[in-house]
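Everything on this sheet refers to the single structure shown next.
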Amino acid sequence: MLLFLGLLGLVPALSGPAAAQDEAMLVRVDAVKRVALSQTVPVLGRLVARQAGMVAARVSAPVEAFHVEVGDRVEVGQAIAALNADTLRARRDLVAGRLGETEARLAVEKAQLKLARQEFTRLERLKKSAAFNQARFDDARQNVAIANAEVREAESAVASAGADLELAAIALRDTEVRAPYAGTVVERLVEAGAYVQIGAPLVRMLGDRSLEIEADVPFQNLTGLAIGTEVSITLDDATQHSAVVRAMIPAENPQTRTRVVRLVPKFGETSRPLANDQNVTLQVPLGAERRVLTVHKDAVIRRRGQALVFVVDGEETQARPVDLGAAVGNRLEVRSGVLEGDRVVVRGNERLKAGDKVRVDGAS
């Protein structure tokens with residue numbers, strides 16, 4: 001009997017502050033805040049090489065050997081093929097001999113000029129003597145002029161022969177065909193032993209290390225793009241990357257109403273090697289970026305077809321209907337119903353009612 005009376009004495013104590021605290025529900029909250037919103041539309045693009053094409057012969061000669069095979073990756077300046085250089089080497093030696101001849105002739109003409117000047121100077125000193133002969137003096141002056149002209153002619157011949165020798169050396173150097181840029185050999189167009197003319201293609205190369213993105217963007221979606229705009233891209237291996245608009249070609253396809261946009265990609269890690277004409281999906285913004293008021297998606301619950309959030313005000317909650325807009329990651333745009341900085345319940349809101357007492361979890 002005494003034990004029962006003692007337990008009855010504890011009842012008032014349990015219905016005090018401790019009991020009220022137990023009635024408050026533990027919830028987790030998140031602040032209403034503004035974030036950047038840029039709505040996008042997917043546009044299919046493709047990877048294109050900035051450098052691709054034929055590597056041609058610069059001289060006419062037989063192909064002596066190839067140093068690469070199809071699929072080989074080459075660096076800038078790496079040897080691709082060798083043309084036979086025997087004829088060009090003989091031509092260079094012939095031009096070198098001609099240069100020697102002109103240089104020897106120039107030396108003779110310079111000696112003749114020196115001799116003519118000596119004769120002219122000697123006669124000039126006799127002008128005031130009885131032995132002076134005007135006719136001989138005039139002839140000596142003319143001989144100096146002729147010798148000067150012949151020296152200039154010989155100098156021109158030396159310069160011409162020197163230029164011919166330089167051209168012969170360039171042609172001889174061009175028998176070694178080198179890669180103009182880093183890339184991959186995708187096709188060999190001739191074989192060793194074939195005679196090729198100047199400009200004949202030897203191999204086809206693809207610069208797969210300098211890829212860009214080319215996309216045909218519908219004209220109505222161009223308002224959100226400008227030079228320097230960064231967009232999100234997805235490769236066919238599902239990896240996410242980014243790209244920056246480099247150029248917008250001012251020509252529209254009248255059939256598809258699209259314009260070509262070129263972008264410079266910023267690739268991270270990829271699970272597959274990149275290739276020319278590989279598909280890529282761009283998220284093209286529909287307009288300029290704007291900052292919108294948002295709540296976490298877990299804060300929104302639906303009751304009787306109405307979207308609600310519970311705002312914590314002191315220790316109580318207020319149920320507020322909200323008008324939702326676009327999704328921004330794991331958040332939702334809110335057009336009305338809450339203010340920036342409001343604390344809305346994101347955990348424990350399923351059983352809440354307006355006016356319920358709550359305790360905020362410290363991990364909020």
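Counting only DSSP H runs of at least 4 residues, each contributing -39500 (n - 2.57), and dividing by the residue count of the chain, the helix-based mean residue ellipticity at 222 nm comes to -9500 deg cm²/dmol.
Maximal additional length on extending the Glu23-Glu103 stretch stands at 17.6 nm, based on 0.36 nm per residue less the C-alpha distance.
How much net charge surrounds Arg290 when only other residues with a Cβ under 14 Å from its Cβ are counted (Lys, Arg +1; Asp, Glu -1)? Please report the intermediate quantities before stating the final value.
Numbers: positive: Arg34, Arg291, Arg335; negative: Glu289, Glu333.
Result for the neighbourhood of Arg290: +1.
Calculated FRET efficiency, Leu286 to Ile170, Cβ-Cβ distance, R0 = 51 Å: about 0.35 to the nearest 0.05. Computed from label points 7 Å out along Cα-Cβ, the spacing between Asp93 and Ile249 is 5.3 nm.
Diagonalising the gyration tensor over the Cα atoms of the range 17-95 and scaling each eigenvalue by 5 before taking the square root yields semi-axes of 77, 17, 12 Å, largest first. I need the calculated FRET efficiency for the pair Arg351 and Ser242, taking r as the beta carbon distance and R₀ as 51 Å, to the nearest 0.05. So, using R0 = 51 Å, E works out to roughly 0.75.
Give the Kirkwood hydrodynamic radius (Å, one decimal) of the range 86-173, defined as one over the mean of 1/r across all pairs of different Cα atoms. Mind dumping the intermediate values first?
Details: mean 1/r = 0.0659 Å⁻¹.
So the Kirkwood estimate lands at 15.2 Å.
Summing Cβ point charges (Lys, Arg +1; Asp, Glu -1) relative to the Cα centre of the range 86-173 gives a dipole of roughly 420 debye.
The slack between Arg257 and Arg302, meaning 0.36 nm per residue of separation minus the straight C-alpha distance, is 12.0 nm. Using the Karplus relation 6.51 cos²θ - 1.76 cosθ + 1.60 with θ = phi - 60°, the per-residue 3J(HN,Hα) values for the range 180-193 come to x, 7, 6, x, 10, 6, 9, 7, 10, 9, 9, 10, 4, x Hz, with x marking Gly and Pro.
For the range 284-364, what is Rg from Cα atoms divided by 2.2 N^0.38 Å, rounded to two decimals? It would help to have the intermediate numbers written out before the result.
Details: Rg = 13.6 Å, N = 81, 2.2 N^0.38 = 11.7 Å.
Compactness ratio reported: 1.16.
In straight-distance terms, cross-link reach from Lys353 covers every one of the lysines whose alpha-carbon lies under 23 Å from its own, apart from those fewer than eight places away in the same chain; here that gives Lys297. Residue-wise HN-Hα couplings along the range 96-107, as the Karplus relation 6.51 cos²θ - 1.76 cosθ + 1.60 with θ = phi - 60° gives them from phi, are 5, x, 5, 5, x, 4, 5, 5, 5, 5, 4, 5 Hz; Gly and Pro carry x. All Cα-Cα distances of the chain, cut into 20 Å bins from zero to the largest, leave 17, 23, 21, 17, 12, 6, 3, 1, 0 percent in each bin in turn. Taking amide hydrogens as placed 1.01 Å from N in the peptide plane, the amide H of Asp361 sits under 5 Å from those of Val27, Arg28, Val29, each at least 5 positions away in sequence or on another chain.
Between Ala149 and Val41, the FRET efficiency estimated from the beta carbon spacing at R0 = 45 angstrom works out to 0.05.
Find how much the distance from Lys110 to Glu230 grows on full extension, using 0.36 nm per residue of separation minus their present alpha carbon separation; answer in nm with one decimal. List each step's numbers first, then the result.
Working: separation 120, 0.36 × 120 = 43.20 nm, distance 7.04 nm.
Full extension of this stretch gives 36.2 nm more.
Since every read-out is calculated from the coordinates, none of them should be taken as a lab result. Every value quoted in this text rests on a predicted model; they were computed, and no experiment measured them. Neighbour counts run over all protein chains shown; Cβ positions are idealised from the backbone, glycine included.
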